[in-house]
Protein chains: 2
Amino acid sequence: MYYLGIDIGGTGLKAGLVDEAGTIIARKSVPVDAKHPDFDHYLAEELASLTKQLLFENDLSVNDIPYVGIGVPGPCDDKNGLFLFAPNLPVRNMELRRLFQEQLDIPVRLGNDANCAALGEYRVGAGKQYSSMVLITLGTGVGTGIILDGKMWTGCNGVGAEGGHMVVRPGGLECGCGRKGCFEVYASASGLIRMAVEQMRNDKDSLLWSLADGAEENVTGRIVFRAAEEKDPTAEKVLDEYIDVLSEGCLDIINLLQPEVVVLGGGISGASDALLLEPLRERTYGRDMAKYSLPKTTIVKAELGNDAGIIGAAFLGA
Amino acid sequence: MYYLGIDIGGTGLKAGLVDEAGTIIARKSVPVDAKHPDFDHYLAEELASLTKQLLFENDLSVNDIPYVGIGVPGPCDDKNGLFLFAPNLPVRNMELRRLFQEQLDIPVRLGNDANCAALGEYRVGAGKQYSSMVLITLGTGVGTGIILDGKMWTGCNGVGAEGGHMVVRPGGLECGCGRKGCFEVYASASGLIRMAVEQMRNDKDSLLWSLADGAEENVTGRIVFRAAEEKDPTAEKVLDEYIDVLSEGCLDIINLLQPEVVVLGGGISGASDALLLEPLRERTYGRDMAKYSLPKTTIVKAELGNDAGIIGAAFLGA
């Protein structure tokens, strides 16, 4: 038995054939043209064609997989087969399941990409030894995915687990969602970069300037962590603030849900433990409501990198 | 078949015999002596004695109920039968199940009081037509209880669903939990009263003064709502701020969990719809992440009042 998962991103479609142990045994990807005039049909055809090719190249047929799992970059409605909306693609209430099945007659399961990543980490990554988990993906935005008692929780409408849109700085910077001061605005890689650029402007001697070749637009999350490794005071100050807001967001989620584990994913989670995981644990452990209880929530790093989304999509119905 | 639930409060023990439809058909309560020198044994004996009396007075025996359900005012560990801690009672890692069973040999189920209230509202109150629900109890503190897919979620350690301890005002007033600016500090009745007293000091003509007989310590939540009904500008301003923080807390919870319904309980929820529920809905609906999805979370008022805790405790194992 194999599973097939596809991760729809803002720039490309990544498909993987996954075995029962959760290993991706074959992959295929194609770019996506977000400006296609008939985007709905185009996307469904691309997804179906990718599926057919991946199966064909591996001497498999549609009968060898139980369904196609698709992770979409926005809210979706798996029950009715709808891809509802995406900030980076021209999608509104798209009947993705029906359109896909017009191309290829096989069951289709849909999941939000952050929720798929959580399912992937839960099944075969950092969450596999636990029964409840929250994944916090620190990337361009902040995505979260919730697994409780082994099941993905996505809310009554499939839009749930948007922990990136809890407010951590009331009256703070505007978020794309319409609220102000969302967790995502501060704890995302974009948030870290923004905070670093703001601080650099006050310190022309910061190592951040030379690492960024003198240009603000070259600052990346990686550069901030590298400068902090070199003990650059500006980078250290920025990271201190960043860990602070990340810790508060983690505590909010832990107090509400008390999952066994919080898993940090996304580009930022590639930072060294000394600069990210250790200070985060130090500021979070012992401050939640489980002071007198066991077990206590553990915070760890994700293990599957960008593959989590494909693997989770593949396991959407398994 | 009958169920028996007991709600342990800071000042008294309230027991109820509940039928399968969730109606309390008999009640009995006793005060609790928080200063008893051997509190653990004393509490267990009082609970068992209350159980025996309630059964006896209704011509029932222990064989007529499947278990005794106990709601405790603090974190507990139902798996191991422990009442872990309470802010208002001298309890630390109390072996409540074992001690109770020394008095009366019957299964014992434990639940946190806010979670019991949620279970009660879910089974027979405001949540009964839904499959996922978050109860927010606006009382002396702010308690929350989470029901997902018909099951109470209390975290890996039973301490979960402490939504009152999500931070809504970073760097704000200290909370008993050790964090600063918790939802509870602002959205509780105590928070509302504190905000009202602060504003009264700036406005000696406020109706709040006469309703409180000229003394700050007489201000209650009810007085604030009454003054707002009379269009007292100070009370209106306080309520405006209060609804604002309540709305932001609701949005945080909705964005994370997207429950079908958020139920408002506790003393504050007795306020008129025009002053509480309607403005809260107005400021909350349409601002969460489910802009493009159905169904959307509904906000309603609790229906069971103080009985929710007894009924929920009674249903802990059913």
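Restricting segment A:172-189 to residues that are more than 11 Å from chain B (Cβ to nearest Cβ) and of a type outside the set (V, I, T), the residue that is nearest to A:V219 (Cα to Cα) is A:A189.
Looking at segment A:263-274, is at least one residue under 30 Å from A:P73 (Cβ atoms) and among the charged types (D, E, K, R)? Yes, segment A:263-274 contains a residue that is under 30 Å from A:P73 (Cβ atoms) and among the charged types (D, E, K, R). Annotation note: Cβ proximity below 8 Å between a residue of segment A:78-97 that is over 15 Å from A:G160 (Cα atoms) and a residue that is hydroxyl-bearing (S, T, Y) (sequence gap 6+ or interchain) occurs for A:R92/B:Y292; A:N93/B:Y292.
Hey, any hits in segment A:220-235 for a residue that's open to solvent by 70 Å² or more (accessible area, probe 1.4 Å) and either among the aromatic types (F, W, Y) or within 13 Å of chain B (Cβ to nearest Cβ) (or both)? No - not one qualifying residue is present in segment A:220-235. Would you say A:G127 is at pLDDT 95 or above, within 14 Å of chain B (Cβ to nearest Cβ) and buried (at least 24 other Cβ atoms within 10 Å of the Cβ)? Yes, satisfied. Does A:V159 satisfy being touching a residue at least 24 places away in the same chain (Cβ under 8 Å) and in the same structural domain as A:E278 (by TED's automatic domain parsing)? Against the criterion (touching a residue at least 24 places away in the same chain (Cβ under 8 Å) and in the same structural domain as A:E278 (by TED's automatic domain parsing)), A:V159 qualifies. Whenever a residue of segment A:6-23 is on the phi > 0 side of the Ramachandran plot, its partners that are open to solvent by 10 Å² or more (accessible area, probe 1.4 Å), lying with C-beta atoms within less than 7 angstrom and at least six residues away or across chains, give the pairs A:G22/A:R123; A:G22/A:V124.
Please verify whether B:I268 is of a type in the set (A, V, I, L, M, F, W, C), touching a residue at least 60 places away in the same chain (Cβ under 8 Å) and part of a helix (DSSP H, G or I), treating the condition exactly as stated. Yes, satisfied. Taken together, the criteria exclude B:L246 from residues that are open to solvent by less than 10 Å² (accessible area, probe 1.4 Å), more than 30 Å from B:L84 (Cα to Cα) and within 14 Å of chain A (Cβ to nearest Cβ).
Scanning segment A:131-171 for residues that are over 14 Å from B:S132 (Cα atoms), facing chain B (nearest Cβ under 7 Å) and open to solvent by 20 Å² or more (accessible area, probe 1.4 Å) yields A:E162, A:R169, A:P170. Being under 15 Å from B:A313 (Cβ atoms), touching a residue at least 60 places away in the same chain (Cβ under 8 Å) and open to solvent by 70 Å² or more (accessible area, probe 1.4 Å) is a property that B:Y2 has.
Within segment B:274-297, residues that are facing another protein chain (nearest Cβ under 9 Å) sit with their Cβ atoms under 7 Å from residues that are among the small types (G, A, S) and open to solvent by 40 Å² or more (accessible area, probe 1.4 Å), at 6+ positions apart or across chains, in these pairs: B:R287/A:G178.
The values are calculated or read from the model by the stated rules, or taken from the named source; none is laboratory data. What you see is a predicted model; the values in this text were computed from it and never measured. Please note: Cβ atoms are built from the backbone with ideal geometry, for glycine as well, and neighbour counts cover all protein chains shown. Quick note on the areas: whole protein, heavy atoms, side chains included, nothing else; ligands and nucleic acids left out. Shrake-Rupley method; radii C 1.70, N 1.55, O 1.52, S 1.80 Å.
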